[in-house]
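A.B. asks: Before I ask anything, here is the structure I am working with.
We did not get these values from a lab; they are worked out from the coordinates using the rules stated. Because the structure is predicted, anything quoted here is derived from the model rather than measured. Neighbour counts are summed over all protein chains in view; Cβ atoms, including those assigned to glycine, are modelled from backbone coordinates with ideal geometry.
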Amino acid sequence: MQTSSLTFTRLLENLKVSVSYAQLRGNMEWIRVDETPGFNRLYYIADGEGMVILNGTSYEPKPGQLLIMPAGTRQTTNTSSENPYLRYICHFDAWIGEWPLFHASNRLYMKQAANPEMTISVFSELIEQFHHGGPFATMRTQAALLILLASCLEEEGEGAADFIKDFMQGTERDKLAAVLSYIDEHLGEELLIDRLAELVHLHPNYFIPYFKKHMGMTPMHYVQQKRLEEAKRLLSFSDCSVSEVADRIGLGLTHFSRHFKKVTGITPSAYRNHTR
């Protein structure tokens, strides 16, 4: 599970989300029978009673709970005529490279909100920005959505362990996990495309577009990014000299210093001084 969790963390760096609908509703308009939407649904239940049937499994969401109903699942919903749900609603898409975030999900993700007031505040901001936002509305809407998704998935119950397990199922994710783990473990060594391609049994000419398709960047760009992250960590939190940092990430001192300044705008030594 530790390897899967690390790989999933790396993959999340390429997560992209978009919101197609957001609203607050408190009426009887939640009666659906065997719908299979092509988008994900996120809800926060503020009040009321009702039920959800997802792929044949029944649930009774309670006030104070966040729900994620994945795209492609068979959904039936209903709410009490006497005490209808008051629900915050968001329809969204979420992708990591070519993979939908909830691609393998066949169940409802349901979590009691740890902080209902904060959840309502964030969801209200999402709805407000979706309908009436300015130039930065898309950024704010996506930020709010990411906070709500993390709140629903990261803790106990239907949380992170189950979700990561769901996502990491599949040959392609297993193959990519092997590549990302190898890169993490060999940052201080020479990393060749031929060797990385061998891990997934692909010719190097096919491996490069394969990696870019799923990670949003070429393998060498990814390696450079990981090396730079490790260098920043060592400069900020260790007593390694700049030369030792360069050696730890597999680069010569001159090359490292030049590349670091090109990307960050300052020398490694200046970066260390600014972060301590």
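A.B. asks: Taking the C-alpha atoms of the range 37-112, how large are the radius of gyration and the largest Cα-Cα span, Dmax, in Å?
C.D. replies: 12.6, 44
A.B. asks: Rounded to the nearest 500 deg cm²/dmol, what is the calculated helix-only ellipticity per residue at 222 nm for the chain, with -39500 (n - 2.57) per DSSP H run of length n ≥ 4? Walk me through the numbers on the way to the answer.
C.D. replies: On the way: 11 runs with 133 residues, N = 276.
Helix contribution divided over all residues of the chain: -15000 deg cm²/dmol.
A.B. asks: What FRET efficiency do you get for residue 236 and residue 93 if R0 is 35 Å and r is their Cβ-Cβ distance, rounded to the nearest 0.05? Display every interim value, and only then the final one.
C.D. replies: Numbers: r = 36 Å, r/R0 = 1.02.
Once rounded, the FRET efficiency stands at 0.45.
A.B. asks: Hey, another quick one. Which helices count as membrane-span-like in the chain under these terms: full DSSP H, at least 18 Å along the axis by C-alpha, Kyte-Doolittle mean of -1.0 or more?
C.D. replies: Span-like helices here: 116-132, 137-153, 171-185, 219-237.
A.B. asks: Per residue, how big is the convex hull around the C-alpha atoms of the range 15-168? Give it to me in cubic angstrom, could you?
C.D. replies: Output value, Cα hull per residue: 101 Å³.
A.B. asks: Classify the range 182-276 as rounded, prolate or oblate, taking a ≥ b ≥ c as the square roots of the eigenvalues of its Cα gyration tensor: rounded when a/c is under 1.5, otherwise prolate if a/b is larger than b/c and oblate if not. Before the final figure, lay out the partial values.
C.D. replies: Working: a/c = 2.67, a/b = 2.16, b/c = 1.24.
It comes out prolate by the Cα gyration axes.
A.B. asks: Multiplying the sequence separation of residue 74 and residue 190 by 0.36 nm and subtracting their Cα-Cα distance, what value in nm do you get?
C.D. replies: The span from residue 74 to residue 190 would gain 36.9 nm if fully extended.
A.B. asks: For the range 15-168, what is the relative contact order in percent, using Cα pairs closer than 8 Å and at least 6 residues apart in sequence? If you can, show how the numbers build up before the last one.
C.D. replies: Values: 323 pairs, mean separation 41.9, N = 154.
Relative contact order comes out at 27 percent.
A.B. asks: Over all alpha-carbon pairs in the chain, figure out the percentage whose distance exceeds 31 Å.
C.D. replies: 41
A.B. asks: Projected area of the range 1-80, taken from the Cα convex hull and averaged over every viewing direction, in nm²?
C.D. replies: Here the figure is 6.9 nm², rounded to one decimal.
A.B. asks: Right, something else. Quick one: if you stick a label point 7 Å off each Cα along the C-beta vector at residue 131 and residue 220, how many nm between them?
C.D. replies: 5.1
A.B. asks: Hey, can you grab everything whose amide H is under 5 Å from the amide H of residue 46? Only 5+ residues off in sequence or another chain; H modelled, so Pro and N-termini drop out.
C.D. replies: It is 64, 86, 87, 88, by chain and number.
A.B. asks: If you add up the charges near residue 224, with Lys and Arg at +1 and Asp and Glu at -1, over every other residue whose beta carbon is less than 12 angstrom from its beta carbon, what do you get?
C.D. replies: Charge balance near residue 224 sits at +1.
A.B. asks: If you average the sequence gap of Cα pairs under 8 Å that are 6 or more apart and divide by the length of the range 171-274, what percent do you get for the contact order?
C.D. replies: Relative contact order for the range 171-274 comes out at 23 percent.
A.B. asks: Continuing with this model, one more query. Step through the table entries 212/261; 111/226; 175/261; 111/232; 213/261; 226/261, compare each Cα-Cα distance with 27 Å, and write down the pairs that go over it.
C.D. replies: Checking Cα-Cα distances, 111/226; 175/261; 111/232; 213/261 exceed 27 Å.
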